[in-house]
Amino acid sequence: MNSASALSFGRMSKIAARFVGTPSVGPLLVLLAFGLIFSLTNPRFLATQNLSIILQQTVIIGTLAIGQTLIILTAGIDLAVGAICVLGTILAGKLANSGYDPIAAMGLAVLACSAAGVAAGSLISGLRLPPFIVTLGILGIITAALRLISAGGAFPVTDEFLGWTGNTVRLNGFIVTYGVIIMLLLYGMVWFLLNQTQWGRHVYAVGNNPEAARLVGIPVGRLLLSVYVLAAFIYGIAAWLALGRIPNADPNALQTANLDSITAVVIGGTSLFGGRGGLIGTLIGALIVGVLRNGLTLAGIDPLWQDLVTGILVIVAVALDQLTRGRR
Amino acid sequence: MTPVEPREPVATAPVGVVLEARNVIKRYGHITALDGVDFELRSGEILAVVGDNGAGKSSLIKALTGAIVPDNGDILLDGQPVHFKGPLDARKLGIETVYQDLAVAAALDIASNLFLGRERRRPGFLGNVLRMLDKKGMRAEAERSMAELKFRLPSIGSAVEALSGGQRQGVAVARAALFAKKLAIMDEPTAALGVRETGQVLDLIQAIRQRGLPVVLISHNMPNVFEIADRIHIMRLGKRAAVVSPKTHTMADVVAIMTGAAKFEEPAASASR
Ligand SMILES: Nc1ncnc2c1ncn2[C@@H]1O[C@H](COP(=O)(O)OP(=O)(O)OP(=O)(O)O)[C@@H](O)[C@H]1O
Ligand SMILES: [Mg+2]
């Protein structure tokens, strides 16, 4: 081999290494692989209409996964993610249906969601209880409370403002709901917080090494509280997006939100051990979950199989995380 | 073993004393890590703190920097009592510390670790309103201060977990040197270092002293201690067993006091000799 080709080979392998080393590339390849499989097995999959449906179906899990990412980055986990969001839809729906101003109703619902985040964050940062147990407890409490409030049944929510996020705009024949746009805006804003501000730096530091964070003077407790409150606030926004998708408040909705949001985050390359990963990966991860569910539905496969596949996916992703962590 | 004669009486007057601790007690359950320890750091000096494993050296400096809150005792900075509620309080007063376990975030890069907890923001609207980090400025400053340490390092953007143990120690030391305004405390900063790197850290400690700041150096390496310390604070069983000068005492003397083989007479008794 002459020196020139050795050089270009060295440079190319360097570029390749950087490319593969970029954490979002793996998830992107998985997304493309699933897309390829589904488009080969079903020509309808790649239809513009179906792609815009996938995006719409991804909105709720995609938005919930933003909050879940923040929490997992601090080495926590949120098992109340779906319950808090459902709390938002039921409260907003009940208040609006009983004659409250819909904007105030939605505002109060988002506040109530944030309050659940205050409760979780205070218990975790103040009493140092494990996030797993705290959010599991909150899941139980909210689920039971909602069934009591709504007497077990779903009810329609027909208010125009509450359904506003379901409106669509047409971009080159591609139909996009306001909800999709709001989700993408949220991704952009939280990405900025995580990557460009001191707060974001501290989220990573606390997730990496909480004792080091404390020793350099980061207010670890306050930071954790802010993360849980911001996450729950985002779940509240997700409640609004959910009402835009389906004008119905159902206490039994979003049963798979825990599985789906955690899967999106972990497939997206964020480590369950905290301190590594980010939102771009999560967006791709949420799309993977959306593509998977959509593709399997198109293939006429029972939804239970979708949960099964998602379950396998999350375990594989965590196993990969564990393996690469062991290498460090 | 022969008893060690105290040849240099320890001053008790607070003249030129920067940081002082009196009768500090810290218990962990039924373990008494600090059993009424006294401490005195004078302006412009390098004070070594030595002692066996578990003697309470790290506990002492953690009590001095607010990393632990002592059960009892007083801490005085420039003669004024201070009550640090956390490490941030001490950092705000210009006290910088290299902790024994380094306090670095492994997945973050060198520059982020150097500025951890005191990130710089961009000027103007971007920084004040959007709270944007001045990543470029911090990187440049990090380059500069790592160059000052003369450590061989991969790029300033590499994650700390990709560094060797010694290089990580270099990051922690550089951070303390960069931010110390009042004094610096280093808990075994050369424990993982080779000969060359140890020399570079010792140089840096002397450079900090040149800036007029006193330095506390915890070390098990007696030759290093005798090379650069002005005074040696010897810990034994959670107490200060003695403070000696390397000019008047030998390494054997220090080891003897450290292990309890020799008794060091009370400073008051020695002063009356
Ligand atoms: N967080 C803790 N919980 C319980 N006991 C502790 C804790 N930290 C220190 N100790 C105990 O306090 C005593 C003093 O520990 P310290 O770390 O101060 O010793 P050291 O002199 O720094 O030792 P080394 O030279 O090994 O670093 C030891 O007996 C130790 O077991
Ligand atoms: Mg120690």
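The values are calculated or read from the model by the stated rules, or taken from the named source; none is laboratory data. Source: prediction; values computed, not measured. All Cβ positions, glycine included, derive from the backbone under ideal geometry; neighbour counts span all protein chains shown. Protein only, heavy atoms only, side chains kept; ligands, DNA and RNA dropped before computing areas. Shrake-Rupley method; radii C 1.70, N 1.55, O 1.52, S 1.80 Å.
Taken one residue at a time, the phi angles of region B:101-107 give Karplus couplings (6.51, -1.76, 1.60, θ = phi - 60°) of 8, 6, 6, 10, 9, 4, 7 Hz. Gly and Pro are set to x. In a simple Cβ point-charge model (Lys, Arg +1; Asp, Glu -1; nothing else charged), the protein assembly as shown has a dipole of about 1000 debye relative to its Cα centre. Amide H contacts of B:Ile46: B:Val215, B:Asp230, B:Arg231, each under 5 Å away and 5 or more positions distant or on a separate chain (H built 1.01 Å from N in the peptide plane; Pro and chain starts excluded). Within the accessible surface of the protein assembly as shown, defined with a 1.4 Å probe on protein heavy atoms only, the carbon and sulfur portion equals 62 percent. Taking every protein chain into account, the 1.4 Å probe leaves B:Thr32 with about 60 Å² of accessible area, to the nearest ten. Among the trypsin sites (Lys or Arg not before Pro) in region B:81-172, those located in a DSSP loop and surrounded by at most 15 other Cβ atoms within 10 Å of their own Cβ are B:Lys85, B:Arg120, B:Lys150, B:Arg152.
With the charge dipole of chain A set up from +1 on Lys and Arg Cβ and -1 on Asp and Glu Cβ about the Cα centre, the Cα lying farthest toward the positive end among the listed residues A:Asn209, A:Trp191, A:Gly278 is that of A:Asn209. Pull out a ≥ b ≥ c, the square roots of the eigenvalues of the alpha-carbon gyration tensor of region A:24-322, then state rounded if a/c is under 1.5, prolate if not and a/b is larger than b/c, and oblate in the remaining case. Oblate, because a/c is 1.5 or more while a/b does not exceed b/c. Measuring heavy-atom accessible area with a 1.4 angstrom probe and counting protein chains only, the residues of region A:174-209 that give up at least 40 Å² relative to the chain alone are A:Phe192, A:Gln196, A:Gln198, A:Arg201, A:Asn208.
What's the total accessible area buried between chains A and B, using a 1.4 Å probe, rounded to the nearest 100 Å²?
Answer for the A-B pair: about 2000 Å² buried.
In a GNM of chain B with a 10 Å cut-off on Cα contacts, which of B:Leu77, B:Leu19, B:Leu64 has the highest mean-square fluctuation? Its mean-square fluctuation being the largest, the pick is B:Leu77. For region B:16-270, build the charge dipole from Cβ charges (+1 Lys, Arg; -1 Asp, Glu) around the Cα centre, then report which of B:Val37, B:Leu126, B:Ser164 sits farthest towards its positive end. Of the candidates, B:Leu126 comes out farthest on the positive side.
Over all other residues within a Cβ to Cβ distance under 15 Å of A:Ser125, the charged ones net out to +1, with Lys and Arg as +1 and Asp and Glu as -1. Accessible surface computed residue by residue for the protein assembly as shown, with neighbouring protein chains in place and a 1.4 Å probe, gives 45 Å² per residue. Restricting region B:215-263 to trypsin sites (Lys or Arg not before Pro) that sit in a DSSP loop and have at most 16 other Cβ atoms within 10 Å of their own Cβ leaves B:Lys247, B:Lys263.
Couplings 3J(HN,Hα) of region A:232-242, computed from phi: 5, 4, 5, 4, x, 4, 4, 4, 5, 4, 5 Hz, in residue order, whole Hz [Karplus 6.51 cos²θ - 1.76 cosθ + 1.60, θ = phi - 60°; x for Gly and Pro]. Under the simplified labelling scheme, the B:Ser245-B:Gln80 pair shows an inter-label distance of 3.2 nm, with each label point 7 Å from Cα along Cα→Cβ. Between the beta carbons of B:Asn23 and A:Arg245, assuming R0 = 56 Å, the FRET efficiency works out to 0.25 to the nearest 0.05. Entry note, chain B: relative contact order of 28 percent, from Cα contacts under 8 Å with a spacing of 6+ residues.
Run through the DSSP bridge list for chain B and note the antiparallel percent, rounded to the nearest 5. All intermediate terms of the calculation are to be shown ahead of the outcome.
Numbers: 23 of 40 bridges.
So the antiparallel bridges amount to about 60 percent of the total.
Close amide H contacts of B:Val98 (hydrogens built in the peptide plane, cut-off under 5 Å, sequence separation of 5 or more or a different chain): B:Ile185, B:Met186, B:Asp187.
Of the trypsin sites (Lys or Arg not before Pro) found in region A:233-314, none is in coil by DSSP with at most 10 other Cβ atoms within 10 Å of its Cβ. Placing unit charges on the Cβ atoms only, positive for Lys and Arg and negative for Asp and Glu, gives chain A a dipole magnitude near 1040 debye about its Cα centre.
For a 31 Å ceiling on Cα separation, which of these pairs sit above it: B:Lys85/B:Lys263; B:Lys92/B:Lys247; B:Lys135/B:Lys182; B:Lys26/B:Lys135; B:Lys57/B:Lys85; B:Lys57/B:Lys263?
B:Lys85/B:Lys263; B:Lys92/B:Lys247; B:Lys26/B:Lys135
Compactness check for region A:218-310: Cα Rg over 2.2 N^0.38 Å is 1.26.
Think of chain A as having a plus end and a minus end, set by charges on the Cβ of Lys, Arg, Asp and Glu; of A:Thr256, A:Ala115, A:Leu40, A:Leu40 sits farthest toward the positive end of this dipole.
Descending by average beta-carbon neighbour count within 10 Å, the peptides A:168-178, A:215-225 line up as A:215-225, A:168-178, the highest first. Classify region B:16-270 as rounded, prolate or oblate, taking a ≥ b ≥ c as the square roots of the eigenvalues of its Cα gyration tensor: rounded when a/c is under 1.5, otherwise prolate if a/b is larger than b/c and oblate if not. Because a/c hits 1.5 or more and a/b exceeds b/c, region B:16-270 counts as prolate. About its Cα centre, region B:16-270 has a charge dipole of approximately 880 debye under the convention of +1 per Lys or Arg Cβ and -1 per Asp or Glu Cβ, with nothing else charged.
Of the beta bridges in the protein assembly as shown, as assigned by DSSP with both residues counted there, near 65 percent are antiparallel. Calculation over all alpha carbon pairs of region B:125-256 in 10 angstrom steps from 0 returns a P(r) of 10, 36, 30, 15, 7, 2, 0 percent.
Convex hull volume of the Cα atoms of region A:70-214, normalised per residue: 138 Å³. Taking every alpha-carbon pair in the protein assembly as shown and binning the separations at 20 Å intervals from zero gives 18, 41, 27, 12, 2, 0 percent.
Cross-link reach is defined here as a Cα-Cα straight distance under 15 Å, omitting same-chain residues fewer than 8 places apart; for B:Lys150 the aspartates and glutamates meeting it are B:Glu141, B:Glu197, B:Asp203.
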